[in-house]
Amino acid sequence: MNYYDWMSDVKTCKNCGWVGLGSEAKIGECFNECAEYHCPQCEHYFEAVLYPSITENLIDSRANPADRLFAEIVMQKIVKH
């Protein structure tokens with residue numbers, strides 16, 4: 001499941017029963033390639049989710065416009081070299 005699918009998917013906490021979108025989950029520890037997400041109600045760990053790739057930012061309509069622009073700039077730099 002990619003980042004945008006995870007954020008728009010309905011999550012259910014196995015610990016307290018909270019139900020909501022992945023985008024409503026609480027961000028935990030962040031790493032270079034991913035971030036941990038937790039239940040916003042009881043802080044039960046859901047999972048680590050990979051950040052969107054350059055390709056995902058370019059092709060997914062749910063991508064943040066700033067992320068898409070960054071991805072376009074990166075791709076221009078790659079193509080020139």
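Here are the numbers for this structure:
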quantity: Single condition Asn32 does not satisfy, out of (1) of a type in the set (S, T, N, Q); (2) within 20 Å of Val10 (Cα to Cα); (3) exposed (fewer than 14 other Cβ atoms within 10 Å of the Cβ); calculated: (2)
quantity: Counted residues, region 1-23 - those being farther than 22 Å from Arg68 by Cα and part of a helix (DSSP H, G or I); calculated: 0
quantity: Test: residue in region 1-23 that is at pLDDT below 95 and either in contact with a Gly (Cβ under 8 Å, 6 or more places away or on another chain) or among the hydrophobic types (A, V, I, L, M, F, W, C) (or both); calculated: yes
quantity: Near pairs, Cβ below 6 angstrom, 6+ apart or cross-chain, from region 61-81 (not assigned by TED's automatic domain parsing to the domain that holds Met7) to any residue that is surrounded by 10 or more Cβ atoms within 10 Å (Cβ to Cβ); calculated: Arg62/Tyr4; Ala63/Asn57; Asp67/Asn57; Arg68/Asn57; Ala71/Ile54; Ala71/Asn57; Ala71/Leu58; Val74/Ile54
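This table checks each residue for (1) closer than 16 Å to Met1 by Cβ; (2) part of a loop (DSSP other than H, G, I, E, B).
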| position | (1), (2) |
| --- | --- |
| Tyr37 | yes, no |
| Cys42 | no, yes |
| Val49 | yes, no |
| Ala63 | yes, yes |
| Asp67 | no, no |
| Ile73 | no, no |
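The values are calculated or read from the model by the stated rules, or taken from the named source; none is laboratory data. In this text, all values refer to a predicted model and were calculated from it rather than measured experimentally. Cβ coordinates were reconstructed from backbone atoms using ideal geometry, including for glycine residues, and neighbour counts include every protein chain displayed.
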